[in-house]
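Computed from the coordinates by the stated procedures, all read-outs in this text should not be read as laboratory data. None of the values given here were measured: they were computed from a predicted structure. For neighbour counting, all protein chains shown are included, and Cβ atoms are generated from backbone atoms with ideal geometry for every residue, glycine included.
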Amino acid sequence: MTPSRPSDTYSPMYFLASLGAGGLSVTFFMWLMFGVAHPGRTVPIFEDIMAAFQTGSSLTQAMIIGAWIGIAVFVVLNLKSLIWNLGRYNAWRRTEAYAKFVKTNAQSQLMALPLALAMSVNGMFVAGLVFVPGLWSVVEYLFPLAVVAFLAIGVLAFRLYGHFIARIKVEGGFNHAANNSFGQILPAFAFAMIGVGLSAPAAMSVNTTVVGFSVVLSTFFFITAVLVAGVALILGIRSMLDHGTNAETAPTLMILIPLMTILGITLLRQNHGVGVQFDAHTSDADTFMMLTKLVAVQVLFGMFGWMIMARHNYAKRFIWGRETSVMSYALVCPGVGFAVLMQFFIHKGLVAVHLVDKFSAGYWALIAITLVSQFAMIALVFVLNRRHFGAPRAAAAVPAE
């Protein structure tokens, strides 16, 4: 029997491998976001980073070098995985396996495609800010192009999700027994990722028209994500109460963690744009309360997912054991999402309202939590990539008769 790798049997959920790598590039950008001064701008750019590197302490220089390396490595890994997925996805669509796939609940997993595409656009924008000199001088010309790109991904997302909804509404056949997870929240995650990309001009542009369109368009995808997630959450909980949870899909129980991060960043960007351009400023206390509520949801669903996965011995079976599942890549997103939102919670929440002093012992203890989550996800990505894309396992020996 010829040895094979898990990735030799394609699933659209492998797009999550690209998504996770893109998310990890953002966790390194958070180091620069809150560790490098960027006066007059909402984000640090190449010139800010170089100035901090040239004048900063050894610790600051080490932080910047680490961020540069992390962003570069994971943006490359993100794009490499995306290209591999697009090639395999196009070939898979012409198979009988695909025809059977789109007749099941799993059809909604096709939304991992626009999700990964939107993440890659966000990741490339981050790389541009960090590595391209003079980018900020032409950024106003890039915003309309970015909006067009995200809208094109949005059209793809609505087509894919529309086919799924139309099929089950016309033909029926939605399997509630197989819906014993939060897998149907994945489309909401995709819509939210498109929305957060569309909200970027609201936080960075100085053009009132651009900011206005950014707020309107990102709000549309924000509301879409919230409605889809709300319905899917209720249906998933009902099915789990009736049929229990499935071990292989247990990682989806924590999908609300990255969703809260994406929705939270969208709101932060929109609030900034509305405040600057339309004189409707949000107070630090309001931002603190919003972030506190989002982190609370993350912690709650993190505990819930951890408890269920522990009951299934998930890590022993699918991370370290002989079983493999592409759904394991869904575990990267919660850790990344928590690390990113915690950075905002610490700096835009706790520090901003003076509950925690920057660089105090309490501050570093909280930062340590984000770093543990970040580096745990880095390790998980490399473990999963080795298990799914590494050298094929030899076939088990069969005793001679």
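By the beta-carbon count within 10 Å of each Cβ, the least crowded to most crowded order of F34, F189, fewest first, is F34, F189. The long axis of helix 139-170 is offset from the longest Cα principal axis of the chain by roughly 30 degrees. Average 1/r across all pairs of distinct alpha carbons in the range 300-370, invert it, and you get the Kirkwood radius: 14.2 Å.
Working ranking of peptides 334-341, 289-296 by packing, defined as the average number of other Cβ atoms within 10 Å per residue, highest first, is 334-341, 289-296.
Dimensions of the range 198-333 along the principal axes, based on C-alpha atoms and rounded to the nearest Å, stand at 55, 25, 25, largest first. Radius of gyration over Kirkwood radius for the range 262-401, both on Cα atoms: the Rg/Rh ratio is 1.15.
Explain nothing, just the number: dipole magnitude of the chain about its Cα centre with +1 on each Lys and Arg Cβ and -1 on each Asp and Glu Cβ, in debye rounded to the nearest 20.
1020 debye
Here is how the number arises for the chain: DSSP H runs of 4 or more residues each give -39500 (n - 2.57), the sum is divided by the residue count, and the result at 222 nm is -23500 deg cm²/dmol.
The distance from the alpha carbon centre of the range 113-182 to that of the range 257-294 is 21 Å, rounded to a whole number.
Taking a straight Cα-Cα cut-off under 20 Å and skipping sequence neighbours fewer than 8 places away in the same chain, the aspartates and glutamates within cross-link reach of K80 are D8. Listed by Cβ neighbour count within 10 Å, with the fewest neighbours leading, Y141, Y89, Y363 appear as Y141, Y363, Y89.
Annotation for the range 104-208: trypsin sites (Lys or Arg not before Pro) lying in DSSP loop with at most 14 further Cβ atoms inside 10 Å of their Cβ do not exist. In the range 11-389, a dipole from Cβ-located charges (positive for Lys and Arg, negative for Asp and Glu) runs towards its positive end, and of A99, F344, P39 it is A99 whose Cα lies farthest in that direction. Once each part is reduced to its C-alpha centroid, what is the distance from the range 43-105 to the range 184-256 in angstrom? After rounding, the separation between the Cα centres reads 20 Å.
Peptides 96-108, 146-158 ordered by packing proxy, namely the average of other Cβ atoms within 10 Å per residue, highest first: 146-158, 96-108. For the chain, the longest principal axis of the Cα atoms and the long axis of helix 332-344 meet at an angle of about 20 degrees. Give me the log10 of I(q) over I(0) for the chain at q = 0.09, 0.12 Å⁻¹, as the Debye formula computes it from C-alpha points; what are the numbers? Taking Cα atoms of the chain as identical point scatterers yields -0.54, -0.97.
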